[in-house]
Amino acid sequence: MVFKRLLGSLGVGAPKVDTVLEPGAVLPGGDLTGQVHLEGGGADFAIEQITLELVARVEIEHDEGESDGVAVFGRFSVGGGFRLGEGERRSVPFSLTLPWETPVTQLHGQDLGIVLGVRTEVAVAGAKDKGDLDPLAVRPLPAQEAVLEALGQLGFGFRSADLEYGHIRGTGQQLPFYQEVELTPAARYTHEVNEIEVTFLAGPHEMEIVLEADKRGGAFSPGRDVLTRFTVRHDEVAGTDWNARVEGWLGSLVENRAAYGSQGSYGHGPYGQGGYGHDSGAHHGGHHGDGHRSGPGMGTVVAAGAAGLAVGVVGGMVAAEVVDEIGDAMEGDEEDEG
């Protein structure tokens, strides 16, 4: 999607801005490219600076419950310092590197319900105007895809995905929010857990994987969250039996029930989580014969399981509409600040 907008802060006759992203989904840590097209207005204008912001819709936990908010997770100056003549057309190409922790918005082309956007800000003659948002599509890194595919083949189903504002204690998290992918349990785990939540915290060389089990409570014990953390290197993707490895992680997660069963809850608030284990990278053992279930990968599961979510639909609105709604909310905040 592109936008074409009159710089409202400058009134009639101001330049028009049309930001176009290169088509296709990009990778976390990869390059986002495109062009900012400018068209001069009824007079000459000094274009002082062109800035792109990466924004995300996030969920914020507070005493009253949860609410949606907007988080900026990247800001890049891509041009400026020139005069745009009356009626002149000029294009400013850009290439910027996404943060490694940029959330994944789609898997095999299926929308996960995560809303990211690129917002353009143009500073002209001392005034700044923040234009509408362009939706940003991000596909998973090979290691992320390998883990999700293994979970699908082990019988887990896609439930939903969201962005939680806050920090996971004990990790190397860099962004002010983290992504959770919620999965329904495979048949062999249904008596143990209600759901599994997966969080990826990628870096340039390795990736932390946080698994959280929303556990079932017994007759005399309440349900609780138990978490474990594992680390994989990006160069481990090829040649790894991911079904066996992920199954080992799940075994460790379930075993934590016994380890922490008498020590209280391991739930989390908006700014921290605890109760982690750690995987040094070695393959776990376990039952990989009869106990190993082979099924469709997570890409197929998302396509089928997300039917209730619907492709491109978030809470009853298509992703682009949600991006527009975020833009309106941002403009309202700016007016309040003014």
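Rule-based calculations on the coordinates, nothing more; no lab input. Keep in mind it's a predicted model, so treat the numbers as computed, not measured. Methodologically, a virtual Cβ is constructed for each residue, glycine included, from the backbone with ideal geometry; neighbour enumeration extends over all protein chains shown.
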Rounded to whole angstrom, the alpha-carbon centroid of region 92-146 lies from that of region 168-217 at a distance of 23
What the 10 Å binned alpha carbon P(r) of region 10-151 shows, as percent of pairs per bin from 0, is 11, 36, 28, 18, 7, 1
The base-10 log of I(q)/I(0) that the Debye equation returns for region 69-131 at q = 0.16 Å⁻¹, one scatterer per C-alpha, is -0.76
Subtracting the Cα-Cα distance of H37 and H205 from 0.36 nm times their residue separation yields 56.9 nm
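Note the direction-averaged projected area, equal to a quarter of the hull surface, for the Cα convex hull of region 110-157, in nm². Before the final figure, lay out the partial values.
On the way: hull surface 19.2 nm².
Here the figure is 4.8 nm², rounded to one decimal.
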Any residue on another chain or 5+ positions along whose placed amide H is under 5 Å from the amide H of G29 is listed here as L98, W100, T102
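Report D for region 60-214 in µm² per second (integer): Stokes-Einstein, Kirkwood Rh on Cα pairs, 20 °C, 1.002 mPa s.
Details: Rh = 18.3 Å.
Diffusion coefficient, whole number: 117 µm²/s.
Let me know the whole percent of all Cα-Cα pairs from region 134-209 that are separated by more than 18 Å. Spell out each step's value before the answer.
Numbers: 1356 of 2850 pairs.
When every Cα pair of region 134-209 is considered, 48 percent fall beyond 18 Å.
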If amide H atoms are modeled at 1.01 Å from N in the peptide plane, then the residues at a separation of 5 or more from G203, or on another chain, having amide H under 5 Å from its own are E208
Expressed in nanometres to one decimal, the distance between label points 7 Å along Cα→Cβ at S77 and H234 is 2.8
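For region 38-113, take the alpha-carbon Rg, divide it by the Kirkwood Rh, and send me Rg/Rh. Mind dumping the intermediate values first?
On the way: Rg = 18.5 Å, Rh = 16.0 Å.
So for region 38-113, dividing Rg by the Kirkwood Rh gives 1.16.
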Quick calc, region 39-128, dipole around Cα centre from Cβ unit charges on Lys, Arg (+) and Asp, Glu (-), nearest 20 debye, gives 620
Quick calc, region 47-196, dipole around Cα centre from Cβ unit charges on Lys, Arg (+) and Asp, Glu (-), nearest 20 debye, gives 700
Taking placed amide H atoms and a strict 5 Å upper bound, the residues 5 or more places from A125 or on another chain that come that close are A46, E48
